[in-house]
1. Determine the gain in length on full extension of the stretch A:Thr82-A:Val166; use 0.36 nm per residue of separation and subtract their C-alpha separation, reporting nm with one decimal.
2. Of B:Phe133, B:Gly201, B:Val38, which is farthest along the charge dipole of the protein assembly as shown in the positive direction, counting Lys and Arg as +1 and Asp and Glu as -1 at C-beta?
3. If a helix is a whole DSSP H run, which ones in chain A reach 27 Å or further along their own axis (Cα) and hold a mean Kyte-Doolittle hydropathy of at least 1.6?
4. Quick one: length gained pulling A:Lys6 to A:Glu182 fully straight, 0.36 nm per residue minus the C-alpha distance?
5. Compute, for the protein assembly as shown, the length of the dipole vector about the Cα centre, with Cβ point charges of +1 (Lys, Arg) and -1 (Asp, Glu) only. Units Debye, rounded to 20.
6. So what are the ³J(HN,Hα) numbers for the stretch B:59-70, from phi and the Karplus equation (6.51, -1.76, 1.60; θ = phi - 60°), rounded to whole Hz, Gly and Pro as x?
7. Which of the residue pairs B:Lys9/B:Lys32; A:Lys100/B:Lys105; A:Lys7/A:Lys209; A:Lys40/A:Lys173 have a Cα-Cα distance greater than 32 Å in the structure shown?
8. Collect residues whose amide H, placed 1.01 Å from N in the peptide plane, falls under 5 Å from the amide H of A:Leu161; neighbours closer than 5 in sequence don't count.
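Where a number appears in this text, it was derived from the coordinates with a stated rule and is not lab data. Owing to the predicted nature of the structure, the values given are computational and were not obtained by experimental measurement. No Cβ is skipped: glycine too gets one built from the backbone with ideal geometry, and neighbour counts run over all protein chains shown.
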Amino acid sequence: MGLLSKKDSKLILDPLADNNPITIQVLGICSALAITAQLKPSIVMAISVLFVMGVGNVVISLMRNIIPSKIRIIVQLIVVATLVIIVDQVLKAFAYELSKELSVFIGLIITNCIIMGRFEAFALGNGPWRSFLDGIGNAAGYGVILVIVGFFRELLGSGTLFGFPVLGNPVTKTGLYGIGYENNGFMVLPPMALIVVGIIIWVQRSRNKELIEEN
Amino acid sequence: MEHLELFFKSIFVDNMVFAYFLGMCSYLAVSKKVSTAVGLGAAVIFVLTVTVPLNWLLDQYILQEGALKWLGPEYAEYDLSFLSFILFIATIATMVQLVEIVVEKFSPSLYNSLGIFLPLIAVNCAILGGSLFMQSRDIETFGLALNYGFSSGIGWFLAILAIAAIREKIRYSNVPAPLRGLGITFIITGLMAIGFMSFGGMLTGGSEEKPALDGNPDNLGIQVEENIESTETPEVSTLLTKE
């Protein structure tokens, strides 16, 4: 990365793996679980959060010296709420079906702990450019997990990706279904999201022993 | 009867944690000890009971389409519902601060036991989620909104209490090292959520179909999950009959 210094690129790359907001920092879990039954809403959600995080972090970072610390939470909430209203209105205008499907979870980006967490931990103490990178990095780390969970739940649960059947047709018994494969209907039910994330954590921590918790 | 139904539905069937995964961040972070979990749970019940009815009033008299009629006929066509996010979150943040000040003044012992949890609650998704669900389900009266806030709070309280108790015990078991802490908590919560799904039959008398509450907007719920249930239940039941 010629554009970014080594320290800056660390800001983006760290949250993708060893400092992932979902699996390590335990932030922003609510929305990660509720909307990942299919790949498409997961990606839309990831992009929405990317936008809110990137812009929000810059705004907060620009205002960091004039916000009185006593009311900073309210100021942060108002900034996020404004950005989320923009996302919500854009989605309603250009992807109405999808915005119906995501229903209240777009609104819940406001209280997504990743956003508040990064505002508090990073944007309040750093300049706009670094805050922007940090925001993008963390939102991307969040998006990666969302896409992984959405991918497996849609593939194993309904045998489709983005709504296209990739494993054959379950009714006419073509493709994999011809040799006796069945969809696992359980995967699309909400509780399985938790278990899939649990397994991702398991895999990640087996690969990197330093992340293992005491108990 | 309506109240009783909403009460049990919000606690068990539509449990904030197990059905919609709201408030997961604090649920995972603060559930290491039962005593702190009880403190946070109580604070959530309290704040939900206050903010849901308040936001109901806001929704009815300011935000909904035609809600401004009381200002005069020329305002009847305004639809301010796009402002709901910002107004709801502002109400919640101010109420939390207000509640903190009042509790500190009049009941220092309660204030000490709630401690740092009160300010944290402003950013708990369960609180904003409660208000947004209240809006999307068109809850009809003030009483029902109050009931909804209170009972969802109890549902959240139950969930965090249960997981905290389990986590205290699981410390003595031999969990595979990479799963320790966060990983095993996720999987336990998933198993508990599967258990809670069985409460879904509570209001239908155990029949497989969705409750035939025609015109009851509670059925609208979340679209994603509705779709899933309607398409997937037959498959699950055929699997069961095969065995």
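1. So the extension gain works out to 26.3 nm.
2. Going by the charge dipole, the pick is B:Val38.
3. A:39-63, A:72-94
4. Extending this stretch completely gives an extra 58.6 nm.
5. 1880
6. Going residue by residue, I get 5, 5, 9, 10, 8, 4, 5, x, 6, 7, 3, 5 Hz, with x marking Gly and Pro.
7. A:Lys100/B:Lys105
8. Here the answer is A:Val166, since their amide H atoms fall under 5 Å of that of A:Leu161.
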